[in-house]
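Just below is one structure, and these are the notes that go with it.
The values are calculated or read from the model by the stated rules, or taken from the named source; none is laboratory data. Remember, predicted model here, so these are calculated numbers, not experimental data. A quick note on method: Cβ atoms are made from the backbone with ideal geometry, for glycine too, and the neighbour counts reach across all protein chains shown.
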Amino acid sequence: MQTQASFPCSLITQKIVSLLFTILLLFEQPSTAKKHHSPCPPSSCGQIRNITNPFRLKGDPSHCGNKRYELECDSNNATVLTLFSGNYHVHHIDYKNYSIKLSDAGLSDNANCSFIPRNFLYDSSFKFAVGPDDFGSQPFTLNNFDPDTVDTFDPSRVAYFNCTDAVTDDAAYVKVDITASRCSALGLGHVYVMVGASYSVTEIKVGCSLMVATLTDKVPAEIGEGNNNVSYEEIRKVVGEGFSVSWLPAVCEEKCGKKTNCKVVNVSTGEVQCDRRYCHYAYHTTDKCGIAEQAIGYARAYLRGIVFGLGSRITFSTRNLGNPVGLEYFDGGIFIGRNIIPVILVTRYVLGVAVLLSVLIYIWRRRHWSIYGNIEHFLLDSNLNPIRYEYKEIKKMSGGFKVKLGKGGFGAVYKGKLRSGPDVAIKILNESNANGQDFINEVATIGRIHHVNVVRLVGYCVEKKKRALVYEFMPNGSLDKYIFAKEGTLPLSYEKMYEISLGVARGIAYLHQGCDMQILHFDIKPHNILLDDNFVPKVSDFGLAKLYPVDDSTVTLTAARGTLGYMAPELFYKNIGGVSYKADVYSFGMLLMEMASRRKNSNPNADESSQIYFPFWIHDQLYEEREIEIEDASEEEKSLVKKMFLVALWCIQLKPSDRPSMNKVVEMLEGDNDGSLALPPKPSFYSHEASRYVKEVNSNQASSMDSSGTSYLGETTTDYSMEDDD
């Protein structure tokens, strides 16, 4: 029984021992394999027979040599080193002086332009003045860092230039004959080579551009003696012999440790001596190792850490660096710069921005509360017929503001449709008018009246800064496109133009005397007269309008308002009369003159000076009883046009007191064409102002024809409006 019981235990013990042995073998095999690499015999390629550590030939075992110094054997059995993405042929490797001689592979490539190197290589491509901190950071340098050694090498620059013209005034530019080579197929101009070239822009000849640059160890003797009478063949020969670079920094890193300098002390054996004069702390290396110098170094490391941490804000640890002396100071600086200072700066910035935004929001709200208060107070105190809409209804009505009809002085206009079916024009007002006066002006005028010749306000919207006005839609646009008809546009008949002028006069007369308040429009012009589908005129755009008691014969304005060319003289010259409803009469007269003549009132291209200002010329024609030529007009239409001219001349008299009221204007237009309407005095300006005024109007009207602005319903116009400030 005892034997049977012990058998399972011994079996279990054997299995455990076997498992442990297997695990040990698994760990041992990689370790053994690692320790027993196959030896690395020298490799060879063409003339290079001694390729050993740190160099390796492509295809050698992975443990042989250093990947950074990998060479390749090309199809021509030439040894090639890739340097800065370019291929270079290896001429010789000196393992005692730690140097390798190279030349541009393009110089022997018969399939290419072999007269010229293929790869750009500057001495600045290497870190020429390499300090102890830079050792091991790059595979090659241009010198072996031992100025006491005879074998120190310092390659010279060789630059190739392509010039549009031949260079004959500088012997340093040696001509390269490319006519018999493959270079001629490249379409090059004059090619020159310069040894010891400077890449300064000021020293390169005009018309020359740098093609390629390389290096060479040797310089032709003639150039060294200051005589540049040398052929390109001699230069090509020394360039083909190549230049030397050193891998000594990597040797110093391997034999002396990171960031330690060394030099070759025995060229025959390749022995190097480590330079231990440097002491290291943080990321600063110096040969000054006294207490004071180290204290300054620690402070410098601390400050550099702060700057580094503050500037980079990246994950970085210095704990694994080889020399830990002073690193805690650098780490401390990094921590402060990366964590503490940014928190302080961000906190100050956030608090400052928050305070500034709070102040701006407070000012903005105070200002807009005042705007909204003005508008809401006006709406509460006014008995208005139009419907008040919500902004979402306005947006739905316009279909998301898809169809834009135009842009006026106070906002853009979009086409919309009411739920009941009729089309409407929706004006979305700008926020530029600080106190909402444009909105109040329009609603206060057309919002309380209804006349066949005044555009009807269907509704409005006020939601804080969003303001909109909904008008009846005028499918025929504004009057200006029918007065100044462009080529291809069918003009209205003179009779229809007369009917429109009568409708406009009735609309303005109603504004002046048909309401409980006197409404002065101050911007009567063709662009603000809209036409419905039956060409019934509607006075529109009341953004500059003002309301006054009916009994007021004159009104007070803080600034002139309107559009040049239609503005009454009293808006500029206060001593000819006060501002009143007669200002609208003057504007209507200028409009009527243009409707009758179908042209602008000023003509800068006229042959006679009397025709420059058209109303003067019309008066002269009527006064001398000369017939005014009107194309395609019947006798009745000519009579209507003459009446329109006479009424217009009455309306544009210089003094407001000499102008008729709009009711009188309507009466004159409705009167019989029996010749009973008298010719008024010739309109006049102050003599010293007339010329300047006409030039001003001409300039503005010419600008108007080329402007890219749009009126209420999208017609081209430019308004030179001067609004009052109240």
Check: Just a yes or no: is a residue in the stretch 578-590 more than 21 Å from HIS527 (Cα to Cα), in contact with a Lys or Arg (Cβ under 6 Å, 6 or more places away or on another chain) and modelled with pLDDT of 85 or more?
Finding: no
Next item on the list: Take PHE535 and decide whether it is touching a strand residue (DSSP E or B) at 6+ places or on another chain (Cβ under 9 Å) and closer than 24 Å to MET474 by Cα.
Entry: no
Check: Applying the selection to the stretch 542-600, what residues are crowded, with 21+ Cβ neighbours inside 10 Å, touching a helix residue (DSSP H, G or I) at 6+ places or on another chain (Cβ under 6 Å) and charged (D, E, K, R)?
Finding: GLU570, LYS582, ASP584, GLU594
Check: Across the stretch 453-483, which residue is surrounded by the most Cβ atoms within 10 Å (Cβ to Cβ) among those that are more than 24 Å from VAL641 (Cα to Cα) and out of contact with any Leu (no Cβ under 9 Å at 6 or more places or on another chain)?
Finding: ARG456
Notebook entry, point to check: Scanning the stretch 484-528 for residues that are among the β-branched types (Val, Ile, Thr) and in a loop (DSSP other than H, G, I, E, B), which turns out surrounded by the fewest Cβ atoms within 10 Å (Cβ to Cβ)?
Noted result: THR489
Check: Looking at (1) at pLDDT 90 or above; (2) of a type in the set (Gly, Ala, Ser); (3) over 30 Å from VAL265 (Cβ atoms); (4) surrounded by 16 or more Cβ atoms within 10 Å (Cβ to Cβ), which is the one condition that is false for SER103?
Finding: (3)
Notebook entry, point to check: Do any residues in the stretch 234-254 that are under 15 Å from GLY196 (Cα atoms) and in the same structural domain as TYR95 (by TED's automatic domain parsing) have Cβ atoms under 8 Å from those of residues that are assigned to a helix (DSSP H, G or I) and of a type in the set (Asp, Glu), where the two are at least six apart or on different chains, and which pairs are they?
Noted result: GLU234/GLU222
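Residues checked against (1) in contact with a strand residue (DSSP E or B) (Cβ under 7 Å, 6 or more places away or on another chain); (2) at pLDDT 70 or above:
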{"site": "GLY224", "(1), (2)": "no, no"}
{"site": "GLY240", "(1), (2)": "yes, yes"}
{"site": "GLU254", "(1), (2)": "no, yes"}
{"site": "CYS262", "(1), (2)": "yes, yes"}
{"site": "SER268", "(1), (2)": "no, yes"}
{"site": "CYS279", "(1), (2)": "yes, no"}
{"site": "THR286", "(1), (2)": "yes, no"}
Item checked: Unique match (being in a loop (DSSP other than H, G, I, E, B), buried (at least 16 other Cβ atoms within 10 Å of the Cβ), modelled with pLDDT under 85 and over 36 Å from the mean Cα position of the chain (by Cα)) among PRO683, PRO660 -> PRO683
Check: Is it true that some residue in the stretch 405-420 is more than 22 Å from ASP532 (Cβ to Cβ) and modelled with pLDDT of 90 or more?
Finding: no
Margin query: Can you say whether ASN87 is in contact (Cβ under 8 Å) with a residue 60 or more places away in the chain, crowded, with 18+ Cβ neighbours inside 10 Å and within 26 Å of LEU121 (Cβ to Cβ), as far as the supplied structure shows?
Written below: no
